[in-house]
Amino acid sequence: ETIGVSMALFDDNFLTVLRNGIQELAEGMDDVEVQIEDAQNDVARQLDQINNFVASGVDAIIVNPVDTSATEAMTAAAEAAGVPLVYVNREPINVDTLPDNQAFVASDERESGTLETIEICDILAANGTDPARVYVMMGELSNQAAVQRTQDIDDVIANGQCAVQIEEIDRQTANWSREQATSLMTNWLSSGQQFDAVIANNDEMAIGAIQAMKAAGISMDDVVVGGIDATQDALSAMQAGELDVTVFQNAAGQGSGALDAALKLARGEEVDQKVYIPFELVTPANIDDYLAKN
Amino acid sequence: MASDMQTNISGASAPNSDAALGDIILETRDLTKHYGGVHALEGANFTLRKGEHVAIMGDNGAGKSTFVRQITGVEQRTRGEIIFDGKPVHFAGPLEARNAGIETVFQTLALADQLDVPDNLFLGREIIKWKLGPFSVLDYKAMRQRTLDALEKTGVKIPNIRGTIERMSGGQRQCVAIARTATFHSKLTIMDEPTAALGVQETAQVENIVRTLKEAGEPLILVSHNMRQVMDLVDRIVVFRRGRICANLKKEETNGEDVVAYITGAKTQPEYEEAA
Amino acid sequence: MASDMQTNISGASAPNSDAALGDIILETRDLTKHYGGVHALEGANFTLRKGEHVAIMGDNGAGKSTFVRQITGVEQRTRGEIIFDGKPVHFAGPLEARNAGIETVFQTLALADQLDVPDNLFLGREIIKWKLGPFSVLDYKAMRQRTLDALEKTGVKIPNIRGTIERMSGGQRQCVAIARTATFHSKLTIMDEPTAALGVQETAQVENIVRTLKEAGEPLILVSHNMRQVMDLVDRIVVFRRGRICANLKKEETNGEDVVAYITGAKTQPEYEEAA
Amino acid sequence: MADQASHGIGGLTFDKSKRALPNEFNVFLALVLIILLFEALGQILPYMNGQSMLFDFNEARDGTILNMARIKIIILQVAIIGIISLGVTQVIISGGIDLSSGPLVGATAMIVMSFAQTELVNGNPNPKAVFGLWAMDLPVIVPLIVGLLFGALIGSINGFFIAFARIPPFIATLGMFLICRGISQWWTKGQPVSFPTPEYAWIGTGMMPVVWFIGLAILLHLIMRYTVYGKHTYAIGSNEEAARMSGINVRRHKILVYMIASMLAAFAAIVLSSKNLTAQAGMGQFYELYAIAMAVIGGVSLTGGRGSIIGTVLGAMVFGVIQSGFTFVKLDAFYQLMAMGAIIIGAVVLDQWRQQRAAAKA
Amino acid sequence: MADQASHGIGGLTFDKSKRALPNEFNVFLALVLIILLFEALGQILPYMNGQSMLFDFNEARDGTILNMARIKIIILQVAIIGIISLGVTQVIISGGIDLSSGPLVGATAMIVMSFAQTELVNGNPNPKAVFGLWAMDLPVIVPLIVGLLFGALIGSINGFFIAFARIPPFIATLGMFLICRGISQWWTKGQPVSFPTPEYAWIGTGMMPVVWFIGLAILLHLIMRYTVYGKHTYAIGSNEEAARMSGINVRRHKILVYMIASMLAAFAAIVLSSKNLTAQAGMGQFYELYAIAMAVIGGVSLTGGRGSIIGTVLGAMVFGVIQSGFTFVKLDAFYQLMAMGAIIIGAVVLDQWRQQRAAAKA
Ligand SMILES: Nc1ncnc2c1ncn2[C@@H]1O[C@H](COP(=O)(O)OP(=O)(O)OP(=O)(O)O)[C@@H](O)[C@H]1O
Ligand SMILES: Nc1ncnc2c1ncn2[C@@H]1O[C@H](COP(=O)(O)OP(=O)(O)OP(=O)(O)O)[C@@H](O)[C@H]1O
Ligand SMILES: OC[C@H]1O[C@@H](O)[C@H](O)[C@@H](O)[C@H]1O
Ligand SMILES: [Mg+2]
Ligand SMILES: [Mg+2]
């Protein structure tokens, strides 16, 4: 079988782990060929890629949607051509009305930011820092993971799930990037404000913040820093005692689940239409379970 | 210094009080242009009457083209007044000058290299088939025909007028610029060294165009280094030196050697002495 | 057609068999240039001897500058041979021509608008303080001094040579281009309408430069529309018409009217008749 | 010897038959070469099993021997950027550049879509509603007008700074690039806007984008070739100072040029959001670069004064063929990027090479 | 009346005292204005409590009344793009443009970092190892040379296509843009490369990026002002045809120009990956645009022939001040983008306006 895969973005660290997972899995199977395309964060390009797959006559399509609210048009395109389709990693907006030969395997971003924030609150409470002053670093604003993870922080505080009282000094975007996070953090430091924690939408930005603080001679014991993804760099920072919280997102689970569903649909077999792969909290306490995972 | 200038006005106008010529069409008072530290034009008082043909002569860099650029609104003057057709004018650009009735052949020619000859000839005043505001439809055929006619007058040879201007020889380009000016009626024609790049025949033809203007009573300012040409064509010669007017000579009262003496600075008319 | 040309070679060279002049420095055989459908230059056979000064005349668009561009490697010829200093040459560009010893004042001047006068004068052969390959250090002072000297010779007035070329008047620009050529020694100098934009004084000075070359025995090709100038300066006149050579006249054996007759096509020398 | 010119006076021999082929021919040639390349790869590459890119012999799926699905997607996938490219073409011909078109697509899509939403989605209230009920189920003309007006506004601001404040177009439109990206993120604070009315959804449905592209291309072609507007655009790009001295109102004209370009980009945004049934702040990323590249591959000169709409349409087709061809030969995404880069360069190399040969030989 | 010129022959009155101020002065003025604006906002905005951006009166933290932390980050955050901008400056002065510098940063970082990795991380084998043990803990000179050679290669390919195949620089470098993005994604199939040796990490540590930036800026300034290389670069940008006719080897020179630009971008990639202790395929995104914008804000003319390294350094400072200023006044990200766009335009408007006034008044 030939499976066409359209990824939202190749440049993304986490999505790369997911993509490589699918690729390796397929290489290990007989008679399964995957062709992976990069939608370069462009909704329209993604829709075109699906149409190109259709023109090439693939047996099934896996889509990591750029924009989860653009999935209706994709669903329609695949349905019209009778090609099975599986969404991966991000929950499509039409999840409840998917046709029979479509499915999705995703994680719920409402968990990721929530797990991260609650754990940071708990650490702050344990340190006796109450009220706590925090900085928030956001991912790319046009990206739904960033929007949702930031929303999660607000929800945790609003729902009273946070163990301490949070005073947010400022929230800015660093576009998922370590470099921009370093600059942003250094700028924050230059205003001389006292702060207790940095909540970042992903690990790369958390590491950027850590590097900036280290360069300014701030002891990482005094500041709580959290990220999401549990990347190798992040786990190494956690081992070094710099990063306090991260959240594991199961790339391999999502990738294999999606490929599996796609192959079954192509062969006309039954599948679960909705598969949620949960996020998992990672702290120094359980880090060893994750060292070899992402 | 400005007060010195005032006294010169009458002097400058003096030789023109010719009954045969009409009212004043163009007058400049204390017209001045500085480029940073360079005083390219300083206190020029100049008068031109309807029907009169005047030459401007002077060394390279004497300020002749600068004078032309101030009158035609290509640049904004540092100081001074320009009175055209009875009214003080402040042209914001060459478009306004042209709309007021001044047609100019600039020394730099002002041609669009990637367009062909008819396009250049009618640039900014195309012949229209259907009027639709900026989207009016062009009448290519009519423009091509009128271009051939206009070029014929200049005597130039152009193998293919639909070739782009960048492919034309120096003289061909100059003839296109001249033909453009000669095609449209105007209250005042200004030509800045129009025959510099022209061959013998073409020069003769362009001089004929100038004579036609004279017969039609249209006034002309001709910037030229060609003494023979000037002596053949114009009524009066104004000499520029180092950015200032240094002489204002009726053709009948002067000769080539005399003019050269003014150009080189060997002589200066008494009324301009203080200034120079 | 090519065979017709062959017979002309001796004819074209005939008037030059002057004992006073040296060897042949430049010869073109059947030199031809077509631009798409335009036959700008067709079968030109031309000879120039060491120490000889030759004028090229002809209508606008007759192919004079095209001829110059083929010799100097600015463009690649369609056909024909060029023999310079005894060897057939195929200049890939003007740099090679200059390195071979041909200095040229192009009709388009070839100046860099945003650079100042000394920069332009020494463009491509700057005076160097320390040699470091492409990063050799410039000797600005020396270049400025030599620029003032070179310009002095052309008689032009330039208030500030550190101003950029775009701010210079038409004549000032032309004088910079001429000064550039006159500053460097060469085996052959070519000037394409060098005095077109120049004033009376400046023209006289440039003509003096040409005379100095003559005295030094340096050969020259002068493209010019100025009959007086040509008659004053050169030994021989070659006339172009419609892309072809139509006459090759010793100065002593001709006069202005005669030359004009060749230019306008009223006359053609018998040996060129078939071609024209 | 050839006959004399019909458009010339006196002078040299002019051999009309030797006139160079139009530039567009080169682009067409590049297009054909690229198609042949992919067809050849389909035959040669072992894993391709002798498939054809454009033909479909075995089973006459659509009743023709052409692979209609492929041919449709080739045009469809460039139609929207193609529309932008039409506007960019005239900007470049006028001697300018427009970097703001990509972000403008994002901003316009967000704004327009907020006025094109439907009230009920599967019987529930629209979960992505931006405004209240008053903005729901509006007639389709409302979002259309809002979009075009917004485009006209942005374009005239670009034009104003370029024409009156003499800001280099690269900078003015780079500034507008950032401003539009800001606007698109600010509009809903990053939330996508979805669920348009069926009328709005019709605009970009099926092959409609292609219909708009072709229609607008014909219109722009006529304007650039046969109207004063076109002539002045070429003149300004060829020699702005000369155009000014010839009495063209250069400033007013430039504003018009940028306004039209931005209105076309805004219209592209409408088609795009309609096609995708959503608007997202990041939409249109890199479109400005692709639009410019299409024009340049189509023979539009970045120094102004040269180029044509026909060329740009062919340039767009080159992109479409390449993109589909890559999927056809199952090229890895990394190699796709590299190959795309190489082909963009190659297409222009071919063009330059043919022009030079034509000039040299003639 | 003023005294005569020292550099002129005969002719007009030339009043040396009235010479226009250098262009760089305008950029400096813009810089000061922007700083004053932020200082004023610090006083005016209620939530700012009268804070100052650059001064720090209350507590003399670093023993000066300046907020040294802020001043450092202002320069530090633009130092790396600044290094790219130096190379881009000379490319633009030569009449070209380089869009490939951003992706080149990504590609170089990936490649270089693979030769700069350390064997053990926290006692464990490097989890991101690209090659085997042979490539671990190599002397720092190895990655440095690899990076610079790669830059030189890419630059000379750019230069070759531009100079010999006469591809417009926009297209040649846009093609290279895509090729480099392909390379950086292909190198490790998208996996980031992390954990460099301490020697490599030193290159971009602390204020080192600023040291490199300033050092290279001085070097480039000297080259552009005082050497044949600089003169020919200006000449080619001013009038390429004239430069050719004057006997400059334009082709060879252009290759050199693009090679130097790409080597600077490659060096920037080294500093960047060292500073961040990682290399990622997406690194350097938009750097090409910012590098160009810095140069243009600094007065470099996109039509070639005009501009200076000093201007570009000031242009970079404008960016640094704006970015820090935004964080200082806690501006939301959307507004940051819009304000950045407006300031870029505004800075150039100011420049144009002063130039025109100077020309008109004198
Ligand atoms: N934009 C400018 N900036 C500075 N100086 C200028 C500028 N334009 C002209 N000049 C200077 O002003 C003086 C007068 O120039 P202008 O072009 O008027 O001379 P001209 O009399 O027309 O000479 P020519 O006969 O050579 O055409 C010259 O010295 C020239 O260098
Ligand atoms: N690149 C080109 N493409 C097409 N035609 C050209 C090109 N260059 C020149 N021509 C044509 O070739 C002919 C000869 O031009 P050339 O410049 O040699 O004339 P010239 O004798 O120097 O004239 P002038 O005295 O006006 O300078 C002209 O008809 C011109 O239009
Ligand atoms: O889309 C980009 C984002 O995707 C998320 O899934 C990931 O956690 C983030 O780190 C970021 O890369
Ligand atoms: Mg002049
Ligand atoms: Mg000529």
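The values are calculated or read from the model by the stated rules, or taken from the named source; none is laboratory data. Worth saying up front: this structure is predicted, and the values here are computed from it rather than measured. Neighbour counts run over all protein chains shown; Cβ positions are idealised from the backbone, glycine included. These area figures cover heavy atoms from the full protein model, side chains too; ligands, DNA and RNA do not enter into them. Shrake-Rupley method; radii C 1.70, N 1.55, O 1.52, S 1.80 Å.
Looking across the stretch C:181-195 at every residue that is at pLDDT 90 or above and away from ligand 2 (no atom under 16 Å from the Cβ), the one that is most open to solvent (accessible area, probe 1.4 Å) is identified as C:Lys187. Looking for something crowded, with 24+ Cβ neighbours inside 10 Å, outside any helix (DSSP H, G or I) and in contact with a helix residue (DSSP H, G or I) (Cβ under 9 Å, 6 or more places away or on another chain) - is there at least one such residue anywhere in the stretch E:249-264? No: the stretch E:249-264 contains no residue that is crowded, with 24+ Cβ neighbours inside 10 Å, outside any helix (DSSP H, G or I) and in contact with a helix residue (DSSP H, G or I) (Cβ under 9 Å, 6 or more places away or on another chain). Does D:Met317 satisfy the condition of being part of a helix (DSSP H, G or I), over 25 Å from D:Phe150 (Cα atoms) and under 14 Å from the mean Cα position of the chain (by Cα)? When the stated conditions are applied, D:Met317 passes them.
Among what's in the stretch C:34-58 and is open to solvent by 10 Å² or more (accessible area, probe 1.4 Å) and within 12 Å of chain B (Cβ to nearest Cβ), pick the residue that is nearest to ligand 3 (Cβ to nearest atom). Per the criteria, the residue is C:Gly36.
Restricting attention to the stretch C:75-107, and to residues there that are within 15 Å of ligand 2 (Cβ to nearest atom) and under 13 Å from the mean Cα position of the chain (by Cα), which single residue is least open to solvent (accessible area, probe 1.4 Å)? The selected residue is C:Val105.
When A:Val271, A:Val275 are checked against the criterion of being open to solvent by 10 Å² or more (accessible area, probe 1.4 Å) and assigned to a loop (DSSP other than H, G, I, E, B), A:Val271 stands alone in meeting it. Cβ-Cβ distances below 7 Å connect the following pairs, each with a first residue in the stretch D:183-201 that is within 17 Å of A:Val66 (Cα to Cα) and more than 14 Å from chain E (Cβ to nearest Cβ), a second residue that is open to solvent by less than 20 Å² (accessible area, probe 1.4 Å) and in a helix (DSSP H, G or I), and a separation of six or more residues or different chains: D:Pro192/A:Ser69; D:Val193/D:Met110; D:Val193/D:Met113; D:Val193/D:Ser114; D:Ser194/A:Ser69. Scanning the stretch B:85-96 for residues that are more than 27 Å from D:Ile93 (Cβ to Cβ) and of a type in the set (A, V, I, L, M, F, W, C) yields B:Val89, B:Phe91. Looking only at the stretch D:207-229, residues that are in contact with a strand residue (DSSP E or B) (Cβ under 8 Å, 6 or more places away or on another chain) and part of a helix (DSSP H, G or I) come to 3 in all. For the stretch C:59-82, the set of residues classified as within 14 Å of chain B (Cβ to nearest Cβ) and at positive phi consists of C:Gly61, C:Gly63, listed by residue number. Selection of the stretch A:83-118 for residues being open to solvent by 10 Å² or more (accessible area, probe 1.4 Å) and touching a Cys at 6+ places or on another chain (Cβ under 9 Å) yields only A:Ile118. E:Leu138 meets each of the listed conditions (1) aliphatic (A, V, I, L, M); (2) surrounded by fewer than 24 Cβ atoms within 10 Å (Cβ to Cβ); (3) without any contact (Cβ under 8 Å) to a residue 12 or more places away in the chain; (4) not in a helix (DSSP H, G or I) apart from (3). Restricted to helices (runs of 4 or more DSSP H) entirely inside the stretch A:127-227, those with at least 1 residues that are open to solvent by 40 Å² or more (accessible area, probe 1.4 Å) and touching a helix residue (DSSP H, G or I) at 6+ places or on another chain (Cβ under 6 Å) are A:144-158.
Looking at the stretch A:51-64, is at least one residue within 14 Å of chain E (Cβ to nearest Cβ) and open to solvent by less than 10 Å² (accessible area, probe 1.4 Å)? Yes, the stretch A:51-64 contains a residue that is within 14 Å of chain E (Cβ to nearest Cβ) and open to solvent by less than 10 Å² (accessible area, probe 1.4 Å).
Answer yes or no: is there a residue in the stretch E:315-323 that is farther than 30 Å from D:Gly190 by Cα and surrounded by 24 or more Cβ atoms within 10 Å (Cβ to Cβ). Looking through the stretch E:315-323, at least one residue is farther than 30 Å from D:Gly190 by Cα and surrounded by 24 or more Cβ atoms within 10 Å (Cβ to Cβ). Looking for something free of Cβ contacts under 8 Å to residues at least 40 places away in the same chain, within 14 Å of chain B (Cβ to nearest Cβ) and farther than 23 Å from C:Thr47 by Cβ - is there at least one such residue anywhere in the stretch C:203-215? For the stretch C:203-215, residues free of Cβ contacts under 8 Å to residues at least 40 places away in the same chain, within 14 Å of chain B (Cβ to nearest Cβ) and farther than 23 Å from C:Thr47 by Cβ: present. Looking only at the stretch C:199-220, decide whether some residue is open to solvent by 10 Å² or more (accessible area, probe 1.4 Å), in contact with a helix residue (DSSP H, G or I) (Cβ under 7 Å, 6 or more places away or on another chain) and within 16 Å of ligand 4 (Cβ to nearest atom). There is at least one residue in the stretch C:199-220 that is open to solvent by 10 Å² or more (accessible area, probe 1.4 Å), in contact with a helix residue (DSSP H, G or I) (Cβ under 7 Å, 6 or more places away or on another chain) and within 16 Å of ligand 4 (Cβ to nearest atom).
Among the residues of the stretch B:164-179, none qualifies, meaning not one is more than 13 Å from chain C (Cβ to nearest Cβ) and surrounded by fewer than 22 Cβ atoms within 10 Å (Cβ to Cβ).
Beta carbons closer than 7 Å, at least 6 apart along the sequence or on distinct chains, never pair a first residue in the stretch D:155-174 that is more than 9 Å from chain E (Cβ to nearest Cβ) with a second that is at pLDDT below 90. Going through the stretch A:194-244 one residue at a time, which ones are among the β-branched types (Val, Ile, Thr) and farther than 24 Å from E:Pro196 by Cα? Within the stretch A:194-244, A:Val198, A:Ile199, A:Val223, A:Val224 meet the criteria.
Look at B:Pro134 and say whether it is without any contact (Cβ under 8 Å) to a residue 60 or more places away in the chain, more than 28 Å from the chain's Cα centre (by Cα), within 7 Å of another protein chain (Cβ to nearest Cβ) and within 16 Å of ligand 2 (Cβ to nearest atom). Taking the combined requirement at face value, the residue does not satisfy it.
Please determine, by comparing only the residues of the stretch A:248-264 that are over 15 Å from A:Arg90 (Cα atoms) and touching a strand residue (DSSP E or B) at 6+ places or on another chain (Cβ under 6 Å), which one is farthest from the other protein chains (Cβ to nearest Cβ). The extreme case among them is A:Ala261. Here is a list: D:Leu337, D:Leu289, D:Leu331. Which entry is touching a Gly at 6+ places or on another chain (Cβ under 6 Å) and within 30 Å of A:Ala70 (Cβ to Cβ)? Sole residue among the options that is touching a Gly at 6+ places or on another chain (Cβ under 6 Å) and within 30 Å of A:Ala70 (Cβ to Cβ): D:Leu337. For the stretch E:272-289, taking the residues that are modelled with pLDDT of 90 or more and surrounded by fewer than 24 Cβ atoms within 10 Å (Cβ to Cβ), the one that is farthest from the chain's Cα centre (by Cα) is identified as E:Leu277. If the condition is being aliphatic (A, V, I, L, M) and touching a residue at least 12 places away in the same chain (Cβ under 8 Å), then the stretch C:237-276 contributes C:Ile237, C:Val238, C:Val239, C:Ile245, C:Ala247, C:Leu249, C:Val259, C:Val260, C:Ile263, C:Ala275, C:Ala276. Can you find a residue in the stretch E:284-307 that is among the acidic types (Asp, Glu) and within 14 Å of chain A (Cβ to nearest Cβ)? No, the stretch E:284-307 contains no residue that is among the acidic types (Asp, Glu) and within 14 Å of chain A (Cβ to nearest Cβ). Annotation note: Cβ proximity below 7 Å between a residue of the stretch E:102-127 that is outside any helix (DSSP H, G or I) and a residue that is of a type in the set (Gly, Ala, Ser) and open to solvent by less than 10 Å² (accessible area, probe 1.4 Å) (sequence gap 6+ or interchain) occurs for E:Phe115/E:Ala135; E:Gln117/E:Ala135. Take the conditions (1) open to solvent by 30 Å² or more (accessible area, probe 1.4 Å); (2) touching a Gly at 6+ places or on another chain (Cβ under 7 Å); (3) within 9 Å of chain E (Cβ to nearest Cβ); A:Leu25 misses just one of them, which is (3).
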